[in-house]
1. Which order do 286, 230 take by accessible area at a 1.4 Å probe, largest first?
2. Scan around residue 386 for amide H atoms under 5 Å from its own, H built in the peptide plane at 1.01 Å from N, and keep only partners 5 or more places away or cross-chain.
3. Which order do the peptides 353-359, 326-332, 222-228 take when ranked by the mean count of other beta-carbon atoms within 10 Å per residue, highest first?
4. Can you give the translational diffusion coefficient of segment 192-248 in µm²/s, computed by Stokes-Einstein from the Kirkwood radius over Cα pairs at 4 °C and 1.567 mPa s?
5. Which entries of 40/66; 214/261; 162/185 have Cα-Cα distances beyond 28 Å here?
6. Using only alpha carbon pairs under 8 Å that are at least six residues apart, calculate the relative contact order of segment 298-350 and give it in whole percent.
7. Would you mind classifying segment 288-358 by shape? Square roots of the alpha carbon gyration tensor eigenvalues, ordered a ≥ b ≥ c; an a/c under 1.5 is rounded, otherwise it is prolate if a/b is larger than b/c and oblate if not.
8. Over segment 236-377, with every protein chain in place, what whole percent of the accessible area is carbon and sulfur at 1.4 Å, could you tell me?
Amino acid sequence: MINKANGMISIPSSSANAQSPGLKTYLKTPEGRYKLHYEKTYPSGLLHYSHGKTVTQVTLAHLKEKPAPSTPTASSSSFTASSGVKSAAARWLGAGNGSRALSFVGGNGSSKSASSAGRIGSLGSSSPSNSMTNTNFDGKGTYLIFNVSDSIFISDLNSQDKDPIKSIHFSNSNPVCHAFDQDAKNGHDLLIGLNSGDVYSVSLRQQLQDVGKKLVGAQHYNKDGSVNNSHCTSIAWIPGGDGAFVVAHADGNMYIYEKNKDCAGDSSFPVIKDQTQFSVAHARHSKSNPIARWHVCQGSINSIAFSSDGACLATVGRDGYLRVFDYSKEQLVCGGKSYYGALLCCAWSMDGKYILTGGEDDLVQVWSMEDRKVVAWGEGHNSWVSGVAFDSYWSSPNSDGTGETVMYRFGSVGQDTQLLLWDLEMDEIVVPLRRCPPGGSPTYSSGYPPGGSPTFSTGSQSSHWDNVCPLGTLQPAPSIRDVPKISPLVAHRVHTEPLSGLIFTPESVLTVCRQGHIKVWMRPSGAESQSSNSETVSSSKDKPLVSNTLGSTSHKQ
């Protein structure tokens, strides 16, 4: 039964992914309704006993045109590429894939000639990986790559089919993180990190061509933990890094690899003398892979993210600190501590001016790279914040005429099963924080502290806000009284299970829960947006975006 007054829907639970009573099928925002379009999940009955021991993450991957036939694809040693970041793949989603007829079961625009039973059979096939391939399969389209238990699943984003089109099984370990490079020139464009510490790079197109459920043509790094035997926690291609990538581990170390290098050389690094200090060590030999080790912190690095230009690398960890590094200089730029507990996730704005973090204090922190400190706290979650992202496709209703962003839209998800959307107008938040010291103007420090080592800020908590923080400084947790608070624009319970991530695309917002269920929420149509904007924009201008306490929202359940 559907209650039209509040959009609530209650239907029988006929599958593990069925819409549960009390969950809404739309998200109401000032620009209109985001409607639940379809869902993606894993095939029932194909999961290992370890289901639930790992958290599902999702990566958006766009495959471009198939390379020319002369391009080598069989040998993993022949692949070279220039790199991008997985978040950039969303830019290519604008063109739908429905017009293409591809000869692959469930592929983008496929003809549905194969039965559902045949598709599931191919997922569970035990045939050798080289027994059946479709080398003519173009693969052009947009895909969702997500891990559940001991498997990687690949779904066609533009198909309403709930089940994946491909399954890759790992026999000895569980995949926990992955990243896609849409700008790879040839070959390997997908990275997969395991909880054993092992890392693989593969060609996504080659995996889709193969009907087996094992990796094909893979390059193996850190085999059997030869370099580091702690869990992989996060993985990322280096933008413009010519095939280089970074792997973060649960012991506080990051390693930089080059995908076109073999791993046969000496991969040992010096013993870390001081576990509390940031340090960088380079490989002893030019043929070694990894080529460098960064010791970032004690305890786990939970997430890493590059700015869109690749200049800066942000990390968040078990110790509760955000750290931002100048990647090329291998130096700490700034950072600071959460209000409480570990930080779990981070994300950059497309212009590189702001960083979002979320963690165990239930807060969404907004960091300014210009001021090198927290400029706002978002209060609205009732449990740990597990995913944050800026919506780079959302258009601000107001503009200052200079072309610069004056308002940002971002989203967050948490273990409270909620998706929160936020609007951030920087004039309302940043300007009041830039207070001048008595008798003068704010001082802007330049250069790193003597010796180049990071230092921890001292002094009163309130003085944290008086000036731009010096370079190379890790700030303590600020007083809750000193940080402006923002309230969510909307808050909706969108899954029955705790959420683990979200992705914005030009047409939709994707949410994923820890158990491997993905929902695709379509953005408001143009006509609906115009109608909604005419009714809500004028009133939203009068609504304060900054408050001292969490404001209630009529959209929150």
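1. Result, largest first: 286, 230.
2. When sequence neighbours closer than 5 places are left aside, the close amide H contacts are 413, 414, 415.
3. Output ranking for 353-359, 326-332, 222-228: 353-359, 222-228, 326-332.
4. Rounded, D is 105 µm²/s.
5. With Cα atoms farther than 28 Å apart: 162/185.
6. Value for segment 298-350: 36 percent.
7. oblate
8. Roughly 48 percent of what the probe reaches on segment 236-377 is carbon or sulfur.
The values are calculated or read from the model by the stated rules, or taken from the named source; none is laboratory data. The structure presented is a predicted model; accordingly, all values stated were derived computationally and were not measured. Every residue, glycine as well, gets a Cβ built from its backbone with ideal geometry; the counts of neighbours run over all protein chains shown. Only protein heavy atoms, including side chains, enter the accessible area calculation; ligands, DNA and RNA are left aside. Shrake-Rupley method; radii C 1.70, N 1.55, O 1.52, S 1.80 Å.
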